[in-house]
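Notes follow once the structure below has been shown.
Read the figures in this text as sums done on the coordinates, not as results from a lab. Everything numeric here is computed off the predicted structure, so don't read it as measured data. As a convention, Cβ positions derive from the backbone with ideal geometry for all residues, glycine included, and neighbour counts pool all protein chains shown.
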Amino acid sequence: MDGEPLRVGLLGGGTVGSQVARLILEHGDDLAARIGRPLELVGIVVRNLDRPRPGLPASLLTTDAEGLVTREGIDIAIELIGGIDPAQDLILKAMSHGASVVTANKALLAAKGDELFGAAQHAGVDLYYEAAVAGAIPIVRPLSESLVGDEIQVVMGIVNGTTNYILDKMTAEGMDYQTALVQAQDLGYAEADPTADVEGHDAAAKAALLASLAFHTRVRGDQVHREGITGVAPQDIRAARGLGCVVKLLAVAKLLDDGQISVRVHPAMVPNTHPLASVKGAYNAIFVEAAAAGRLMFLGPGAGGAPTASAVVGDLVTVARNRSRGVVGPVQPMYNDHEVAPMGLVTTRYFVRLRVQDEPGVLAGVAGVFARHHISVQDVQQTPAGGKAGDASAELYLLTHEAKEADLLECVADLQASPQVQAAVRFMRVEGM
C-alpha cells in the first residue's frame with residue numbers, strides 16, 4: 001500500500017470516543033484497504049489519565065487537547081467532547097493547522113455552524129458530521145448529496161432515543177412519565193440529568209441541522225421552536241389511542257407555501273398508519289418528502305457508543321480518502337435565505353382536551369368559540385370526567401382540521417376564560433394525518 005499513514009488525533013475518550021479508537025486500532029488493515037493509506041492514531045484526549053480504559057494504549061492518552069490538535073502533521077481531528085467550549089476553539093485551531101475535522105457535536109454545529117463551515121472552507125479542509133444528527137442512521141449525505149437535485153418539502157423525525165423510549169413505555173405499558181424516565185435511566189438510555197433530552201434541546205439542535213441541509217439555509221438551534229415531553233400525561237396517551245394515534249416527540253422542518261420554513265420540536269399525535277408511528281424503544285427515524293423522490297424513511301439506532309462510532313468512522317474514511325487525493329468534499333450549498341416562520345404562523349391539526357360542566361348548551365358554546373376563531377372541528381367526543389360522586393362534569397375531546405397556531409392559542413385562551421370550563425385546557429398538535 002502506497003503513502004505515509006494519515007495521522008489522526010481523537011478528542012474524547014468516553015463511550016463513543018473509546019469505541020472509535022478501538023475501531024481504528026482493531027480494524028486498521030480493513031480501513032487502510034478502503035482508504036488507500038493506513039491510519040495512525042497518534043493521541044486520545046481524556047479528562048482523567050488514571051481511569052481504566054481497556055484496549056486503549058496508555059501511551060496514546062493525553063490531557064493536552066490544544067497540544068494534540070496543533071501538533072505538527074495531524075491530518076484529521078475527531079471531536080467527541082461535546083458542548084460549545086472548548087470544542088469550538090479546538091476545532092478552529094485544528095483547521096488553522098491544516099487538519100480536517102470529523103465531529104458528532106450537534107449543539108456546536110447548530111449554534112456556530114456558519115463560523116465553523118466558513119473556517120473549513122477558508123482553510124481548505126473538510127468538516128463532516130454524520131454522527132451529529134441521527135447516530136448510525138445515514139441522513140446527512142442523503143440530504144446533501146443524494147437528494148441535492150430534488151426539492152425537499154418536509155423532513156420530520158424521531159431524533160432522540162431517550163424520549164422515544166419513555167413515550168413508548170407510556171404507550172405500551174401504561175407507565176406514567178416519571179416511572180418511564182427512571183427505567184430509561186436504569187438502562188442507560190437517559191442521563192442522571194435528562195434535561196437536554198426530555199426538554200427537547202438535543203432534538204432542537206438536530207432539527208436545526210436537518211432544516212439547514214434540507215432547505216439550503218443556515219438555521220440555528222435557537223431559531224427552533226422547542227417543547228419537551230415532561231407535560232405529556234397518561235390522558236394524552238389514552239386520547240391518542242382513541243384517535244388511532246401514538247404520541248411522539250417530533251422534529252419537524254417544512255417548506256411553507258410563502259417560502260418561509262417551519263422548524264419545530266414538540267410532542268405530537270401521529271396516526272398509526274404513518275411510518276413514524278411504528279418506531280419503538282430507543283430507535284430513531286427520519287421521514288423525508290421530496291417533490292420527485294416522494295416519501296423516504298430512514299430508520300436505525302439513534303444513540304449509543306457503537307452506532308454513533310460507526311457513523312464517526314464512516315466520516316473518517318470519507319475524509320481520509322479526500323485527504324489522500326488532495327481534495328475536499330463538496331461544500332454545503334447554503335444559497336437560500338428562507339426565513340424561519342414564527343410559530344404563530346404554522347398550520348397543523350390539533351387535538352384539544354377540556355373539562356366542562358355537563359349541562360345543556362355547553363357543547364354548542366364550545367363549538368361557537370372554535371367558530372369565532374375560524375377553526376373547523378372535525379370530530380368531538382364526550383366522556384364522563386370520572387370525578388367524585390355528584391360531579392356533573394365531562395371531558396370533551398376535539399380534533400380540528402388544519403388551523404393556524406395563533407388562532408388556536410387565542411381559541412384556547414377564550415375557552416380557558418369561560419366559567420363552564422373547569423380545568424386547564426390542553427392541546428397537542430397532530431402531524432401526518
*Mind sorting Leu296, Leu90 by how few other Cβ atoms lie within 10 Å of their own Cβ, fewest first?*
Leu296, Leu90
*Of Lys106/Lys280; Lys112/Lys404; Lys169/Lys404; Lys106/Lys254; Lys112/Lys280; Lys169/Lys206, those spanning more than 27 Å from alpha-carbon to alpha-carbon*: Lys112/Lys404; Lys169/Lys404; Lys112/Lys280
_I'd like to know how the range 145-301 sits against the 2.2 N^0.38 Å rule of thumb: what's its Cα Rg over that expected value?_
1.03
*Where the eigenvalues come from the Cα gyration tensor of the range 22-66, what are the semi-axes √(5λ) of the equivalent ellipsoid, largest first, in whole Å?*
24, 12, 6
_Per-residue Cβ neighbour rank within 10 angstrom, fewest leading, Met269, Met334_ = Met334, Met269
*Check each of the GluC sites (Glu not before Pro) in the range 58-98 and keep only those in coil by DSSP with at most 10 other C-beta atoms within 10 angstrom; list them in order.*
Glu72
*Between Leu209, Leu415, Leu109, which gets the highest mean-square fluctuation from a Gaussian network model of the chain, Cα cutoff 10 Å?*
Leu415
*Karplus (6.51, -1.76, 1.60) ³J(HN,Hα), θ = phi - 60°, over the range 197-203, in Hz, Gly and Pro reported as x*: 7, 6, 8, x, 5, 4, 5
*asked:* Please compute, for the alpha-carbon atoms of the range 343-430, the extent along each of the three principal axes and give them in descending order in Å.
replied: 43, 21, 20
*Express in whole angstrom the spacing between the alpha-carbon centres of the range 145-193 and the range 52-87.*
30
*Each residue of the range 188-196 in turn: what ³J(HN,Hα) in whole Hz from Karplus with 6.51, -1.76, 1.60 and θ = phi - 60°, glycine and Pro shown as x?*
x, 7, 10, 6, 4, 9, x, 3, 4
*So if we plug the beta-carbon distance of Glu72 and Val317 into 1/(1 + (r/R0)^6) with R0 = 30 Å, what FRET efficiency do we get, rounded to 0.05?*
0.80
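What does the charge dipole of the range 10-72 about its Cα centre add up to, to the nearest 20 debye, if the Cβ of each Lys and Arg holds +1 and the Cβ of each Asp and Glu holds -1?
Once rounded to the nearest 20, the dipole reads 160 debye.
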*Roughly speaking, what is the stretch gain from Ala413 to Thr230, that is 0.36 nm per residue apart minus the C-alpha to C-alpha distance, in nm to one decimal?*
63.7 nm
*Which percent of Cα-Cα pairs in the chain sits in each 20 Å bin, short to long?*
24, 50, 21, 5, 0
*asked:* Projecting each Cα onto the charge dipole of the chain (Lys/Arg +1, Asp/Glu -1 at the beta carbon, about the Cα centre), which of Thr308, Ala367, Ala417 comes out farthest on the positive side?
replied: Thr308
*Of Ala111, Ala311, Ala413, which is the most mobile in a GNM of the chain whose springs link Cα atoms less than 10 angstrom apart?*
Ala413
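Taking other Cβ within 10 Å of each residue's Cβ, how do Ile44, Ile166, Ile74 sort, fewest first?
Taking fewest neighbouring Cβ atoms as first place, the list is Ile74, Ile44, Ile166.
Could the peptides 175-184, 125-134, 240-249, 362-371 be put in order, highest first, of the mean number of other beta-carbon atoms found within 10 Å of their residues? The partial results should precede the final answer.
Values: 175-184: 17.5, 125-134: 25.7, 240-249: 20.9, 362-371: 15.6.
Top of the packing list down: 125-134, 240-249, 175-184, 362-371.
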*Where the centroid of each part is defined by its Cα atoms, how far is the range 194-233 from the range 247-297 in Å?*
13
